[in-house]
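This report concerns only the one structure given below.
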Amino acid sequence: MRVAVVGSGVAGMAASRVLLDAGHRVDVIDVGHVPEPSSEELAARIRAQVESGARVERSLLRELKWGPGEAPVRGLRDALGAILGGSVAGERVAKRILGSRFVFEGVEEGIPLTGATVPRSLARGGLSNVWGAACYPLREIDYAGWPLNQEDLAPWYERAAEMMSLLQPQDDLARSYPLHGSIAENVPRNSGSVAELLLAHWERQSDALAEFGWAAGRARLAVRPSGSADDACRECGLCFYGCPFGSIYVSGRTIDELSSHERFAYRTGLLVHTFAEHENGVEVRARRVDSGVEERRSYDALFLAAGTLSSLRIAADSLALHDRPVPLLDNDMYLLPVLARGAGGRGRFRARFSLSEAALAVPPGTLADGGIHIQFYSFHEYFLAELGELLGMMPELVQRVAWNMLNRMLIGFVYFAGQDSAVATARVRRAAGPGCVEVEVRQSAASRTALRGLLRRMRSARQTLGFRPLSPLIKAAPLGFSGHLSGSLAMRRQPGPLETDPEGRLHGTERVCVVDAASFPALPPQNPTFTLVAAAMRAADAFCRRVDPRMPPSATAVRG
């Protein structure tokens, strides 16, 4: 069979692998923006400096973060404003990767949106280009909100872990998040950092943490470990800027792996606007982004993996279900600086690794109905890149005190489950081009109330936790800033219009499956990407078994 997959993010590429393994032909249809040549030239210069052992020039770091000619002073102003309680500047959502904003190119025209600030992408690899590589599965309690169970997803979590090179250390975090796939020992780390001291403290306090139900351990990340391949982590500390070696998993890596497959094609420059299902297949209608010329192609089936808002828009425009309100899910996110125990050091700490290093899971029901997930990052110059230069102008005593504190500081990214976060609805409004998604948001007091309880608990348990929160320095992110927006075509046991069944089929269709986060019926506090990949693989496998009943359950997982 010939199958179309719309979108090249992690869900689309996960589904494509399963479909290819089952013997189908796969066309991935995508706009597919890529970085400018200057971005790769900049990355090559960075790689050369790192591999030669030289310190990366600060001028190159500014180009990585801001691009040529942009004033970094604005970044200091915005970051300080956000940390001290002001608004998160909208342009900070659209971060650069290796000096390029290609990830967010053309979204205002291609994915029209009103009412919210939401990261969305038409790039090759989608938002996987800018994620933080964190991977955590559903907890046992999370399945209560899904028409699936642990047995449904377990084999696909294992295959997802392999696809993304997931590093899963064996530690107490497994009390909350089950381990799926191989256990990793060779994990990038900042030797001597406050995060490493904190992890050692948590190991000593394992029994005490377990007494009040919290699970703590090393972060689980989709990163090539040191020495494993040409794109292995070099521990250069530039993760926030965009890895110049490609060590962090992005779905563009899977595109590269599949590009030589005789039954795989990656068709770019096309924006899908609608589909039309007929008795023998599905006609996919798209427009060339450069010329506006329409192209129509017929397939045996269609998989929507264009993202929560784009998949909703394509479905509503195709089925003429405009103006119908649908719920949206997102994680309320707060930034929480904490001061950890241990020596801070007098000078600037040069991080060899800047993704999340530690994670803390608070169970559901104790402080928030859906639980709380916290990812900790060592303080990195990316947060306030200009601070080091300012401190360099200060007296030596001031510098010593400041760096001692900053080297003991961790930034906690605090996530709440969808049920404890802002309440939002979306409607697709009819338009001459792609329908415009209109979002209405009503902020929820639940996460702020739970956050106050969390801070009280952290203060009372600071000896066990090994840190104390700096509570005045908190900022809530707006809807969609977490990058975890989901639920617009939610999976139900008995789906209705603009919903999907447990196998991903869009209501009112037989040959259209939704495999991205739009199909999520509930959103836990932990990063959803691992579950997104596993669920997309499972939906693709279910389709393969429908068209070939002789194929046993999960046969494609074994075959892969």
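The values are calculated or read from the model by the stated rules, or taken from the named source; none is laboratory data. Source: prediction; values computed, not measured. Counting neighbours? That spans all protein chains shown, and the Cβs are built from the backbone with ideal geometry, glycine included.
Residues SER447, SER471, SER488: which one is over 18 Å from GLY371 (Cα atoms), modelled with pLDDT under 95 and polar (S, T, N, Q)?
SER471
All but one of (1) within 27 Å of TYR157 (Cα to Cα); (2) under 23 Å from the mean Cα position of the chain (by Cα) hold for ALA195; state the number of the condition that does not hold.
Status for ALA195: all satisfied but (1).
What do you reckon, is ARG492 farther than 23 Å from ASP300 by Cα and surrounded by fewer than 24 Cβ atoms within 10 Å (Cβ to Cβ)?
Yes, satisfied.
Return the pair list, or none, for Cβ contacts closer than 7 Å from residues in the range 11-36 that are over 14 Å from ARG124 (Cα atoms) to residues that are among the acidic types (Asp, Glu) and buried (at least 24 other Cβ atoms within 10 Å of the Cβ), at least 6 apart or on different chains.
VAL18/ASP541
When LEU523 is evaluated against the numbered criteria (1) in contact with a Ser or Thr (Cβ under 6 Å, 6 or more places away or on another chain); (2) in a helix (DSSP H, G or I); (3) crowded, with 24+ Cβ neighbours inside 10 Å, which criterion, by number, is the only one it fails?
Among (1) in contact with a Ser or Thr (Cβ under 6 Å, 6 or more places away or on another chain); (2) in a helix (DSSP H, G or I); (3) crowded, with 24+ Cβ neighbours inside 10 Å, the lone unmet condition for LEU523 is (2).
Within the range 499-510, is there a residue that is closer than 18 Å to SER16 by Cα, of a type outside the set (A, V, I, L, M), surrounded by fewer than 21 Cβ atoms within 10 Å (Cβ to Cβ) and touching a residue at least 24 places away in the same chain (Cβ under 8 Å)?
Yes, because at least one residue in the range 499-510 is closer than 18 Å to SER16 by Cα, of a type outside the set (A, V, I, L, M), surrounded by fewer than 21 Cβ atoms within 10 Å (Cβ to Cβ) and touching a residue at least 24 places away in the same chain (Cβ under 8 Å).
Of the residues in the range 226-271, how many are out of contact with any Pro (no Cβ under 7 Å at 6 or more places or on another chain) and assigned to a loop (DSSP other than H, G, I, E, B)?
Here the count works out to 23.
Would you check which residues across the range 15-33 are assigned to a loop (DSSP other than H, G, I, E, B) and surrounded by fewer than 24 Cβ atoms within 10 Å (Cβ to Cβ) and list them?
Correct list: ALA22, GLY23, HIS24, GLY32.
Residue-by-condition table, conditions (1) among the aliphatic types (A, V, I, L, M); (2) surrounded by 14 or more Cβ atoms within 10 Å (Cβ to Cβ); (3) farther than 22 Å from CYS544 by Cβ; (4) touching a residue at least 12 places away in the same chain (Cβ under 8 Å):
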{"position": "GLU257", "(1), (2), (3), (4)": "no, no, no, no"}
{"position": "THR268", "(1), (2), (3), (4)": "no, yes, yes, yes"}
{"position": "THR274", "(1), (2), (3), (4)": "no, yes, yes, yes"}
{"position": "VAL282", "(1), (2), (3), (4)": "yes, yes, no, yes"}
{"position": "LEU304", "(1), (2), (3), (4)": "yes, yes, no, yes"}
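LEU42: over 18 Å from ASN129 (Cα atoms) and either in contact with a helix residue (DSSP H, G or I) (Cβ under 9 Å, 6 or more places away or on another chain) or modelled with pLDDT of 90 or more (or both), yes or no?
It is false that LEU42 is over 18 Å from ASN129 (Cα atoms) and either in contact with a helix residue (DSSP H, G or I) (Cβ under 9 Å, 6 or more places away or on another chain) or modelled with pLDDT of 90 or more (or both).
Do you know which of the residues in the range 95-154 that are polar (S, T, N, Q) and surrounded by fewer than 21 Cβ atoms within 10 Å (Cβ to Cβ) is nearest to GLY292 (Cα to Cα)?
The qualifying residue nearest to GLY292 (Cα to Cα) is THR114.
Within the range 39-61, restricting attention to residues that are of a type in the set (Lys, Arg) and closer than 13 Å to LEU98 by Cβ, which residue is farthest from the chain's Cα centre (by Cα)?
ARG45
Conditions tested, residue by residue: (1) among the hydrophobic types (A, V, I, L, M, F, W, C); (2) free of Cβ contacts under 8 Å to residues at least 40 places away in the same chain; (3) out of contact with any Gly (no Cβ under 6 Å at 6 or more places or on another chain).
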site: GLU108; (1), (2), (3): no, yes, yes
site: GLY115; (1), (2), (3): no, no, yes
site: ARG124; (1), (2), (3): no, no, no
site: ALA133; (1), (2), (3): yes, no, yes
site: TYR136; (1), (2), (3): no, no, yes
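Restrict the check to the range 292-299 and report whether at least one residue is under 25 Å from LEU532 (Cβ atoms), surrounded by fewer than 20 Cβ atoms within 10 Å (Cβ to Cβ), without any contact (Cβ under 8 Å) to a residue 60 or more places away in the chain and out of contact with any Gly (no Cβ under 9 Å at 6 or more places or on another chain).
no
Go through the range 315-347 and count every residue that is at pLDDT below 95, closer than 30 Å to PHE303 by Cβ and hydroxyl-bearing (Ser, Thr, Tyr).
Total meeting the criteria: 0.
Do we find that SER251 is hydroxyl-bearing (Ser, Thr, Tyr) and over 25 Å from LEU506 (Cβ atoms) in this structure?
Against the criterion (hydroxyl-bearing (Ser, Thr, Tyr) and over 25 Å from LEU506 (Cβ atoms)), SER251 does not qualify.
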